[in-house]
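Single-structure report; data block below.
None of the figures in this text is laboratory data; all of them are computed from the coordinates on show. Everything numeric here is computed off the predicted structure, so don't read it as measured data. FYI the Cβ positions are ideal-geometry reconstructions off the backbone, even for glycines, and counts take in every protein chain you see.
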Amino acid sequence: MSRLSLFDSPLLLGFDHFERTLDRVSKASSDGYPPYNVEQTGESHLRITLAVAGFCGEELQVLVEDSQLVIRGRQVDDKDRVFLHRGIAARQFQRSFVLAEGIEVLDARLENGLLHIDLEQPIVEPKVRQVAIKTDGDGRSITAQPVARKGGKGNSV
């Protein structure tokens, strides 16, 4: 049985990467651990904060794999410790975030059991250009020229 896709339309050319991204998002773990926040810290800055109490910096890993931010944590049991009661388990996790094109990971900091990951999304100026139309009749053609947008930077038309 073949899978129907939203992106099978002939009007959506070159959008297969969106379909792959949606597949990755849908396969992401539904586990709620560790809890996290995503906040906007400036016009083009974001911060992801994960609650990773009990983890030290050496037990955490922050990776950017293609367009995906992956945070992994791995705690190892100390075999020499004897617990009379064990309510805090050593555990591992992997939390993934799909990043939009152009988002850069600036840094990661561990403070008071919170892992802060700062991101920057550059502001992209829209680009419009006129495409040349060649004719076979009189041999004249319209050359490709940048077209200024209303409210944007550049000369007005």
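Observations
- Across region 46-61, coupling constants 3J(HN,Hα) worked out from phi with the 6.51/-1.76/1.60 Karplus curve, θ = phi - 60°, read 10, 9, 9, 10, 10, 7, 10, 4, x, 9, 9, x, 6, 8, 10, 9 Hz, and Gly and Pro carry x.
- For region 30-107, GluC sites (Glu not before Pro) are listed when DSSP marks them as loop and at most 10 other Cβ atoms sit within 10 Å of their Cβ; the list is Glu43, Glu101.
- The packing ranking, built from the mean of other Cβ atoms within 10 Å per residue, places the peptides 123-136, 68-81 in the order 68-81, 123-136, highest first.
- The share of alpha-carbon pairs in region 32-120 lying farther apart than 21 Å comes to 35%.
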